[in-house]
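The values are calculated or read from the model by the stated rules, or taken from the named source; none is laboratory data. Computed from a predicted model, the values in this text were never measured in an experiment. Here the Cβ positions follow ideal geometry from the backbone for every residue, glycine too, while neighbour counts run over all protein chains shown.
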Amino acid sequence: MAGINRQILLKSRPDGAPGLDNFELVRSPAPEPADGEVLMRTRYLSLDPYMRGRMSAAKSYAKPVEIGEPMVGGSVGEIVASRNPKFAVGDIVSAYGGWQDYALSSGVGLRKLDPAAAPVTTALGVLGMPGMTAYAGLLEIGRPKPGETVAVAAASGAVGSVVGQIAKIKGCRAVGIAGGPDKCGYVVQELGFDACIDHRAPDLARQLEAVCPAGIDVYFENVGGAVQQAVWPLLNDFARIPVCGLIAQYSAAPMPGPDMVSVLRKRLTLRGFIVWDFAAKQDDFLREASEWVRSGRLKYREDVVVGLENAPAAFLGLLQGKNFGKLLVKVA
Ligand SMILES: NC(=O)c1ccc[n+]([C@@H]2O[C@H](COP(=O)([O-])OP(=O)(O)OC[C@H]3O[C@@H](n4cnc5c(N)ncnc54)[C@H](OP(=O)(O)O)[C@@H]3O)[C@@H](O)[C@H]2O)c1
C-alpha cells in the first residue's frame, strides 16, 4: 500500500543564486497506476547542477520546471505497484522520478538494475548520467591521445572524477582543479590524478602552469569563470575543449568570454554537448565503465544526504561546492 507522497515543488524562480524560499514541500496521497503504468517508490534522488537551469525560464535545451510543479531529477526507485507486464513489484529501476516519494511511469526510460552487479546508487553517478557525460565528452570530443595533458575542474565531483580517471586509463597526464586541500588530496591520492590545484588559490594561474609543463591538450570545461581564464593561456595548438558545464556562471551575471583570437591562432576546437547527444554510446559506456569499476581502475565517491526534505539545502550546497562526490538524497 502506497502512502503519502511528499513532493518538493518549484515555488518561485530565483534571481541570481537560488534560496530555500524557491522550494515548497507539499503532501498528497500517492497516485494509483493506470493500465500500462507502474508506481515507483523513490529510494535515491540524484541532485545535479543542471537543475539550476530547470529553475529558470530562460530558453535552453530542456523545458523549465513550471512554478508549482515538482522539481525533476534522476532517481532509483522500487516498483511498488505494477500494471505493466514488463515490471514486477520489487524491481529496482533507474528512472526520472523527480523530487518526490512516489512517481508514476509508463515504463519508457526505466532501466532495471541488478543490485548484485553494483550498488544501485552507481546508476545515478559513476555508472549513470554523470559517468556517461565524462566518458562520451572526453572520448568523443576531447579525443585524448597517450602522453597528452587533460585538465578538468570540479575534479572530485561526479563528472570530473571520471574524466581524470579515464584520461589516466588512456595514458594521459590528468590535472584536476578542485575546491580546497581535502578534495585536491583525494583527487591525487585516491583517484590517481597527476596533480590537482585549488581553484581558490590566489596564484591559481601560476600553480596550474607549473603542473602543466607541456601545456594543455584537452580542457574538459565543467566550471567556466576564473578556472577557464587560468586554463586558456596554457592551451596548446589544436587543443580540444568539450564544453560540458559552466557551474561557476549559472547564477552569475554573464562573464567576459574566452579569448577568441586564441581560438583562431591555435586552431582550437571547442564543442558544447549534452550527454544524450551520445545516447548511441551508452552500451559501450556501461560495458567499459562497469568493468573499470569492478577492477578498481575507476573509483567513485558518493555524498549521501538523508531525507527528501533536505534536498533543497543539499542542492544549494552543490552550487557552492559543499558536496564531496556525487550528491544523492536517500529518500527511503
Ligand atoms: N553537458 C552535459 O550533458 C552535462 C551532464 C552532467 C553534468 N554537466 C556539468 O558538469 C559539471 C559538473 O557536474 P557534476 O554533476 O559532476 O557536479 P559535481 O562536480 O559533483 O558538483 C558540483 C561541483 O562544482 C564545483 N563548483 C561549484 N561552484 C564552482 C565555482 N564557482 N568555481 C569552480 N567550481 C565550482 C564544486 O566543486 P569544487 O568544490 O571542487 O569547486 C562542486 O562540488 C557541471 O557544470 C554540470 O552542469 C553537464
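Things to note:
- Residue that is surrounded by the most Cβ atoms within 10 Å (Cβ to Cβ) [pool: residues in region 207-221 that are within 16 Å of the ligand (Cβ to nearest atom) and in a strand (DSSP E or B)]: Phe220
Matching residues to (1) assigned to a loop (DSSP other than H, G, I, E, B); (2) of a type in the set (D, E, K, R); (3) under 12 Å from Phe220 (Cβ atoms):
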| position | (1), (2), (3) |
| --- | --- |
| Gly107 | yes, no, no |
| Thr121 | no, no, no |
| Gly137 | no, no, yes |
| Lys145 | yes, yes, no |
| Ser156 | yes, no, no |
| Gly160 | no, no, yes |
| Ile166 | no, no, yes |
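- Residue in region 135-145 that is under 22 Å from Val304 (Cβ atoms), more than 16 Å from the ligand (Cβ to nearest atom) and either more than 21 Å from the chain's Cα centre (by Cα) or free of Cβ contacts under 8 Å to residues at least 24 places away in the same chain (or both) present: no
- Only one of the listed residues (Asn323, Asn310) is out of contact with any His (no Cβ under 9 Å at 6 or more places or on another chain) and part of a loop (DSSP other than H, G, I, E, B). That residue is Asn323.
- Among the residues making up region 211-262, a single one is modelled with pLDDT of 95 or more, among the acidic types (Asp, Glu) and farther than 24 Å from Asp277 by Cβ: Asp237.
- Odd one out for Leu113, checked against (1) out of contact with any Asp or Glu (no Cβ under 7 Å at 6 or more places or on another chain); (2) touching a residue at least 60 places away in the same chain (Cβ under 8 Å): (2)
- Selected residue (criterion: farthest from Lys326 (Cα to Cα)) from residues of region 282-292 that are in contact with a helix residue (DSSP H, G or I) (Cβ under 9 Å, 6 or more places away or on another chain) and surrounded by fewer than 19 Cβ atoms within 10 Å (Cβ to Cβ): Asp284
- Only listed residue being in contact with an Asp or Glu (Cβ under 7 Å, 6 or more places away or on another chain), farther than 16 Å from Gly142 by Cα and within 14 Å of the ligand (Cβ to nearest atom), chosen from Gly180, Gly224, Gly185: Gly180
- Residue check, Val80 assigned to a loop (DSSP other than H, G, I, E, B) and among the hydrophobic types (A, V, I, L, M, F, W, C): no
- Taken together, Pro242, Pro233, Pro254, Pro258 contain a single residue that is surrounded by fewer than 16 Cβ atoms within 10 Å (Cβ to Cβ) and within 30 Å of Arg13 (Cα to Cα), which is Pro254.
- Restricting attention to region 286-332, the residues being of a type outside the set (Val, Ile, Thr) and more than 13 Å from the ligand (Cβ to nearest atom) number 22.
- Residues of region 229-243 that turn out to be aliphatic (A, V, I, L, M), part of a strand (DSSP E or B) and within 24 Å of the chain's Cα centre (by Cα), as a count: 3
- Residue in region 181-200 that is part of a helix (DSSP H, G or I), in contact (Cβ under 8 Å) with a residue 40 or more places away in the chain and among the aliphatic types (A, V, I, L, M) present: no
- Breaking point among (1) within 11 Å of the ligand (Cβ to nearest atom); (2) free of Cβ contacts under 8 Å to residues at least 24 places away in the same chain, for Ala280: (1)
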